[in-house]
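One structure is given below, encoded as structure tokens.
The values are calculated or read from the model by the stated rules, or taken from the named source; none is laboratory data. It should be emphasised that the depicted structure is a prediction, and the values quoted were computed from it without experimental measurement. In this analysis, Cβ positions are derived from the backbone assuming ideal geometry, glycine residues included, and neighbour counts consider all displayed protein chains.
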Amino acid sequence: MTTPTPPRTLLRIGVGFVVTGGLLASGAVPASAAVAIPAAGAQFILTNMMPVSGPPTPAERSAGVVAARTIGYSVQGRKIVARLYGSPDATRVSVMIGSMHGNEPGGVPVAKRLEKLGAPSGTAMWVIRNLNPDGARSNTRQNANKVDLNRNGTYLWQAKGISREYYPGPSPASEPETKAYISFLESVKPDVVLIYHQHGNGVDSYRQKNAGLTQGLAARMKLPVKSFDCLGECRGTLAGWFNTSQAGAALTVELPAKVTTKRVKRWAKAARWSIGYVPDVNR
């Protein structure tokens with residue numbers, strides 16, 4: 001997305017933060033008023049949807065949260081929050097996304113249970129409970145612009161969806177929620193990303209990046225391995241974008257319609273296992 005920069009030298013302008021040489025200053029700065037002279041090699045990212053990092057609240061800290069980051073805002077202005085568990089300096093990084101479609105909430109209790117379990121030793125685990133808070137509020141698949149966020153990504157995006165429910169938006173990554181996950185995932189560079197959906201009842205093997213991870217997760221979740229090809233080709237998906245542009249492996253997990261406490265506990269343990277799994281990419 002941008003020209004590589006020296007480690008720990010990053011300048012962000014807008015509603016966000018500034019990191020230069022490892023020092024952090026946070027706060028809401030109007031993008032129109034931001035003027036800065038960068039240090040040599042600093043990186044500029046100009047946007048009104050940049051992440052805001054800060055220390056966790058006392059309640060979050062007591063729950064084991066190391067850091068909390070607002071990675072962006074929904075169309076209607078709701079925060080999209082990523083919480084970090086484990087070691088911030090770990091080289092092994094994972095991201096768990098509980099829900100992407102507002103009418104598929106089954107992964108949210110899994111994300112919350114995973115937060116209680118915490119990250120395996122020596123790893124960094126980011127948890128985003130809900131990537132589509134507006135859709136969750138209205139119990140709809142799409143965001144407030146009536147765009148399917150899992151068709152709005154840049155990978156093989158096309159202008160027409162198979163139905164109105166799958167509307168991909170006016171252009172690739174047109175939605176603030178899509179911009180938020182792209183920026184966030186590019187910044188934390190996870191080894192494993194799990195994206196929870198619902199009703200498909202299976203762990204997706206379509207264009208999988210790592211068969212061992214897919215099969216191991218499915219076995220531990222007690223779900224079948226399935227190929228969800230979206231009636232021909234999955235276009236504009238988060239997993240498709242990540243698996244073709246980033247080094248790590250992303251998996252789409254389709255939970256069944258029925259979500260029980262027993263299943264949530266099993267699924268969260270399986271997710272925790274995946275964090276420590278070392279991908280053999282393109283195996």
Problem set entry | Failed criterion for ILE45 (all others in (1) modelled with pLDDT of 95 or more; (2) closer than 16 Å to TYR181 by Cβ; (3) not in a loop (DSSP other than H, G, I, E, B) hold) | (1)
Exercise. Can you pull out the residues in region 169-178 that are touching a residue at least 24 places away in the same chain (Cβ under 8 Å), buried (at least 17 other Cβ atoms within 10 Å of the Cβ) and outside any helix (DSSP H, G or I)?
Worked result: GLY169, PRO172, GLU175
Problem set entry | Entirely in region 183-283, the strands (runs of 3 or more DSSP E) that have 2 or more residues that are out of contact with any Lys or Arg (no Cβ under 8 Å at 6 or more places or on another chain), in the same structural domain as ASN150 (by TED's automatic domain parsing) and under 23 Å from VAL127 (Cβ atoms) | 192-198, 249-255
For this session: Would you mind stating whether PRO58 is assigned by TED's automatic domain parsing to the domain that holds LYS258, modelled with pLDDT of 95 or more and not aromatic (Phe, Trp, Tyr)?
Result: no
Problem set entry | Out of TYR181, TYR166, sole residue that is among the aromatic types (Phe, Trp, Tyr) and surrounded by fewer than 20 Cβ atoms within 10 Å (Cβ to Cβ) | TYR166
Seminar exercise, completed: Taking region 160-218 and keeping residues of a type in the set (Val, Ile, Thr) and in contact with a Gly (Cβ under 9 Å, 6 or more places away or on another chain) leaves ILE162, THR178, ILE182, VAL192, VAL193, ILE195
Problem set entry | Selection from region 135-167 of residues that are charged (D, E, K, R) and under 16 Å from the mean Cα position of the chain (by Cα) | ASP148, ARG151
